[in-house]
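Reviewing the structure listed below.
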Amino acid sequence: MRTLLSLSRVARTALRRLKKERPPASCRLVGGTAESQPNFGLLVDIDGVLVRGKTPIPAARKAFKKLVNVKGEFLVPVVFVTNSGNSVRQTKADQLTRVLGVPISQDQVMMSHSPLRMFKRYHDKRVLISGQGPVMDIAKSIGFTRVITIEMLREAFPLLDMMDHDRRPELSPPVPMKFPDIEAIILLSEPIQWETHLQLIIDVLLTAGNPDHIPRQLIYPHIPVVACNTDLMWVAEGKSPRFGHGIFVLCLENIYKKITGKDLKYELLLGKPSEITYHYAECLIRAQAAGRGWHKSIHTLYAVGDNLMTDIYGANLYNRFLEEESSRKGSRVQAKVAAGKQTATVSQDEDHDVIASELTPGSATCCKSVLVCTGVYSPSKDDIEGHRELITGTVFHGHRDFKFDADLSDPDYIVPDVDAAVELIYKLEKYVPK
């Protein structure tokens, strides 16, 4: 079973690739003076921090007026890190531009599925995509070339979707045409009509990707499954949190376990709190700084969020990863000096499609977590600092495969809202906007 504290081989390969990603051309803007160049960046959640559903949180616009100059250019690198997966980045950037009143580029937006752009091994596989919104456009924007949607599968096998009596075929359908075998399943976000998605995904898992052929015995392990968001809950305009994609994933896992007696396994779990997500976000921060012509290294990341089990847990987990990485680098440097070598490389065991890659030093040395009280976390009393005991409870809302560590759910800072978060960060960094 994969845990967040022990990255898989695939995840570590992705982290090495991300360290080498070049800045996107659209980020190359005019830089500022050396004095005005920041050495920190902000990773800002969206739902519960900037908006509740479609309603802007009042502090959001106030906060972002402090983050841009009179030309609308950002004074510090900012990336919006969301577990949402129901749109392409440009759509989310346009929504943020309207909400915040400042121009947001798609290069500043990171959806839960964005890191899949780096996992090219899946791009040419025939994949079944589950989610909502323009799933075909989303899949193509990530790099997938052979996409099958749930609706396409349902049309090919109309007798499989029988839960809704009103959608059952009235006449016996013709003999289905030969349907290509599905090689992997990508879970983007919570879908519409859960019963259809759950049924057809289970069918694909039990038949090794071909619902038209029933094997004599269970084929296990099953075909690869990637889940891009395991958020149990999120907040909208309602007074209590709403079901997130994590609830759908939980249902899928339990159905598969109940039918087969075996655990559903994942090739990748993406989105917060995965380290891959935070490393990819750091890559975008560095790309943004380089695009502005800022030469200072980004040493500190501030992750601002409202959810203890995703935003805070993930930021603290990534901070632990950075600390461990720093320790490993120190050991490698000592070994390199002792051996008299000029470069250091690592081989990728059992990963034949990836050549040995040179390890390049990362810029961030720490990731600080900042909890706001406008979303999933909302204290019942005004004394925020007096209610830290509400943070760590006995109920773990994280994913099954994420080993729980109570210390990682404790934020470095608690503030009322995102405006207070920006004020705090400027104070901590002794940063005076120019």
Exercise. Would you mind stating whether Glu325 is of a type outside the set (S, T, N, Q), modelled with pLDDT of 80 or more and open to solvent by less than 80 Å² (accessible area, probe 1.4 Å)?
Key: yes
Self-check item: Restricting region 219-237 to residues that are touching a residue at least 24 places away in the same chain (Cβ under 8 Å) and exposed (fewer than 14 other Cβ atoms within 10 Å of the Cβ), the residue that is farthest from the chain's Cα centre (by Cα)
Solution: Tyr220
Self-check item: region 176-218, subset among the β-branched types (Val, Ile, Thr) and part of a helix (DSSP H, G or I), residue farthest from Tyr122 (Cα to Cα)
Solution: Thr196
Self-check item: Top-ranked residue in region 262-272 [being open to solvent by 20 Å² or more (accessible area, probe 1.4 Å) and not acidic (Asp, Glu); ranked as nearest to Gly209 (Cα to Cα)]
Solution: Lys265
Practice problem: Report yes if some residue within region 200-207 is in contact (Cβ under 8 Å) with a residue 24 or more places away in the chain, open to solvent by 20 Å² or more (accessible area, probe 1.4 Å) and touching a helix residue (DSSP H, G or I) at 6+ places or on another chain (Cβ under 7 Å); otherwise report no. | Solution: yes
Quiz item: Among Ile255, Ile259, Ile247, which is the only one that is surrounded by fewer than 24 Cβ atoms within 10 Å (Cβ to Cβ), farther than 18 Å from Ile142 by Cα and within 23 Å of the chain's Cα centre (by Cα)?
Solution: Ile247
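To keep it simple, each residue is scored yes or no on (1) open to solvent by 30 Å² or more (accessible area, probe 1.4 Å); (2) in a helix (DSSP H, G or I); (3) of a type in the set (S, T, N, Q); (4) modelled with pLDDT of 95 or more.
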site: Leu43; (1), (2), (3), (4): no, no, no, yes
site: Lys62; (1), (2), (3), (4): yes, yes, no, yes
site: Gly72; (1), (2), (3), (4): no, no, no, no
site: Phe80; (1), (2), (3), (4): no, no, no, yes
site: Thr91; (1), (2), (3), (4): yes, yes, yes, yes
site: Thr97; (1), (2), (3), (4): yes, yes, yes, yes
Quiz item: Being at pLDDT 85 or above, in a helix (DSSP H, G or I), hydroxyl-bearing (Ser, Thr, Tyr) and farther than 27 Å from Ala227 by Cα, is that true of even one residue in region 418-428?
Solution: yes
Quiz item: List pairs: first in region 116-139 and in a helix (DSSP H, G or I), second surrounded by fewer than 17 Cβ atoms within 10 Å (Cβ to Cβ) and of a type in the set (Gly, Ala, Ser), Cβ under 8 Å, 6+ apart or cross-chain?
Solution: Leu116/Gly143; Arg117/Gly143; Lys120/Gly143
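The values are calculated or read from the model by the stated rules, or taken from the named source; none is laboratory data. Quantities reported herein were computed from a predicted structural model and do not represent experimental measurements. Here the Cβ is made from the backbone with ideal geometry for all residues, glycine too, and neighbour counts use every protein chain on show. All accessible areas refer to the heavy atoms of the entire protein, side chains included, with ligands and DNA or RNA removed. Shrake-Rupley method; radii C 1.70, N 1.55, O 1.52, S 1.80 Å.
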